[in-house]
Amino acid sequence: MKYLSCSNIQSGLRFEYNSIKLCCFMGTNTPEPLYIKKDYYGEKLDWTELLKKINIIRENQKKGITDSHCVGCFGLQEKEWEDNPKFKWLQIAHWSDCNCYCTYCYRYQSEFEKPKKRYKIMPIIKELDKLGLIDYNGELAYSGGEPASLREFDDITNFFIKKGERLIMVHTNAIKPVKSVLSGLKTDTMSVTVSVDCGDREKFKQIKRVDAYNKVMDTLKKYVKAQGSNKKMVRSKYILIPNVNDTKSDIDKWIEESLKIGIQQVILDFEADWLARNSENIPSYIDDLYEYIVSKTKEKGLELQFYGVANQYRTIKGKDLDEIGLHQG
Ligand code: SF4
Ligand code: SF4
C-alpha cells in the first residue's frame, strides 16, 4: 500500500541532549518538533509505552493523517513503506560538548538550553539491542557535539562495527583526529563528514571562530589516507552562509583545497536560520551560486550530495529530490 510517510517516521530514533525524537527536522508550520520524550536525561525507558506512541504516528500515516509536527516537511514521500518494527535510522546527538564555535551552531541559538545533566547512551543502546529493536542494516549517525569530546565515542562505534552496522556516519569538526575513526574508515562502513565551509584560514576563523583551518585539513588528509576501498567516505561539507561565504571565488577555493587533499565527495547545505528567514525571498545570486556549485563540482569530478537544509532549498525551487538524504551536519 502506498502512503505518505518518511524513513524517520517508519524507523528513525534520535537521542538529543534533553529529549528523544524521530529525527532532527520539523514541518513548516509548527512551533516545535515532534518529541517522543521531552526532558529526557538518560532515565530508564519504558519501550512498550514509547513504541505505542510511535506506532500511533505510523498507523495514522497509513490512514492519511500526518502528524501536525511533520506537515510540510520535505522528507515526506508517497510510496510503499516497509513495515519495520525495529529502529533502522539511529541518530546519536545526546551530547553537545565541542572545541569549536561555529557561528551557525545550534548551541548559540536562543532556544538552546544548557543540558541539565549529561547522560550515557551505551546502556540504552545495549538495552535496545537486547530487545531486538535495532536493525543494523540501516545507519547510525552521530550529530551532536564533537565526537572527539565524547568519552563514549569509541565504545559506541566499536559496538556498532562489531554488530555489522551497514553505515556509521560521523560528523566531526576534525580539529583533532579520532583513533576509532581512523580504524573505522578502513572497514568501508564508516563515512566522515566535516563542515569546512571555506578554502582558507581567514574565512575559517570568521565562520568557526577558532584558528584551526590547517589542523582540520591535516586531519582530513589523514582520514582520506585511512579509507578502505571506498574512496568516497571522507566528505567535505559546505554550509552556504549568505554574506559570508557566498561568492564563486569562495566556492573555487573550497573545491581546489578539497581536491588537493584527495577528497572525492562533497556535500552542500545551507545555513538553516537564513533559509527559514528568506524562504520566500531568496536572492537570485544564491540561485546562480547553487547552479555554479552543481556544475563546478561536476566539471572537477567531485560527487555532490545535499543535506537537509539544501534539500529544503531544492524543494522550494522545485528540483527533483531523487533519494532524499535526511541528514544533519
Ligand atoms: S523527517 Fe520530517 S516528516 Fe519525517 S519525522 Fe522528521 S519532521 Fe516528520
Ligand atoms: S563543530 Fe558542530 S557542534 Fe561544534 S560548534 Fe561547530 S556546529 Fe557546533
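Please work out whether region 104-206 counts as rounded, prolate or oblate from its C-alpha gyration tensor, where a ≥ b ≥ c are the square roots of the eigenvalues and a/c under 1.5 means rounded, while otherwise a/b larger than b/c means prolate and anything else oblate? Oblate shape, in that a/c is at least 1.5 and b/c is the bigger or equal ratio. Per-residue 3J(HN,Hα) values for region 54-60, derived from phi via the Karplus relation 6.51 cos²θ - 1.76 cosθ + 1.60 with θ = phi - 60°, read 5, 5, 4, 5, 4, 5, 4 Hz in sequence order (x marks Gly and Pro). Amide H to amide H, with H built 1.01 Å from N, Lys319 comes under 5 Å of no residue 5 or more places away or on another chain. P(r) for region 1-151, please, calculated from all Cα pair distances in 10 Å bins and given in %. Reading upward from the zero bin: 10, 39, 35, 14, 1.
Fully extending the segment from Asp252 to Glu113 would add 46.3 nm, taking 0.36 nm per residue of separation and subtracting the current Cα-Cα distance.
Take the cross-link list Lys237/Lys260; Lys21/Lys79; Lys221/Lys300; Lys86/Lys298; Lys162/Lys260; Lys232/Lys253 and give me the ones stretching past 27 Å between alpha-carbons. All intermediate terms of the calculation are to be shown ahead of the outcome.
On the way: Lys237/Lys260 15 Å; Lys21/Lys79 23 Å; Lys221/Lys300 19 Å; Lys86/Lys298 38 Å; Lys162/Lys260 34 Å; Lys232/Lys253 20 Å.
From the list (Lys237/Lys260; Lys21/Lys79; Lys221/Lys300; Lys86/Lys298; Lys162/Lys260; Lys232/Lys253), the Cα-Cα distance tops 27 Å for Lys86/Lys298; Lys162/Lys260.
Amide H contacts of Ser195: Thr172, Lys237, each under 5 Å away and 5 or more positions distant or on a separate chain (H built 1.01 Å from N in the peptide plane; Pro and chain starts excluded). With N counted as the residues of region 66-132, its alpha-carbon radius of gyration over 2.2 N^0.38 Å works out to 1.55.
Binning the C-alpha pair distances of the chain at 10 Å intervals from 0 yields a P(r) profile of 5, 26, 35, 26, 8, 0 %, listed from the shortest bin outward. Residues of region 240-280 with the amide nitrogen closer than 20 Å to a label point 7 Å from the Cα of Ser229, along Cα-to-Cβ, please. Correct set: 264-265. Distance between the modelled labels on Arg166 and Tyr101, one decimal in nanometres: 4.1 nm (7 Å Cα→Cβ projection). Couplings 3J(HN,Hα) of region 36-47, computed from phi: 8, 8, 8, 6, 9, 9, x, 5, 4, 9, 9, 5 Hz, in residue order, whole Hz [Karplus 6.51 cos²θ - 1.76 cosθ + 1.60, θ = phi - 60°; x for Gly and Pro]. Between amide H atoms placed 1.01 Å from N, distances below 5 Å from Asp135 occur with Phe87, Lys88, all of them 5 or more places distant or on a separate chain. Couplings 3J(HN,Hα) of region 192-197, computed from phi: 10, 10, 10, 7, 8, 6 Hz, in residue order, whole Hz [Karplus 6.51 cos²θ - 1.76 cosθ + 1.60, θ = phi - 60°; x for Gly and Pro].
Val71 to Lys298: extension gain in nm, 0.36 nm per residue of separation minus the Cα-Cα distance? Please list the in-between numbers first.
Numbers: separation 227, 0.36 × 227 = 81.72 nm, distance 3.39 nm.
My answer for the length gained is 78.3 nm.
As a calculated quantity, the FRET efficiency between Lys126 and Tyr285 at R0 = 56 Å, using C-beta atoms, amounts to about 0.65.
Run the helix sum for the chain: -39,500 (n - 2.57) per DSSP H stretch of 4+ residues, divided by residue count, reported at 222 nm to the nearest 500 deg cm²/dmol.
On the way: 11 runs with 115 residues, N = 329.
Result for the chain: -10500 deg cm²/dmol, rounded to the nearest 500.
Determine the relative contact order of region 2-316: mean sequence separation of Cα pairs under 8 Å and six or more apart, normalised by residue count, in whole percent.
Details: 535 pairs, mean separation 42.3, N = 315.
Result for region 2-316 is 13 percent.
Length available on full extension from Asp200 to Asn137: 0.36 nm per residue minus the Cα-Cα distance, which gives 18.9 nm.
Readers should treat all values here as calculations from the given coordinates under stated rules, not as data from a laboratory. Given the structure is predicted, the values throughout are model-derived calculations rather than measurements. Neighbour counts run over all protein chains shown; Cβ positions are idealised from the backbone, glycine included.
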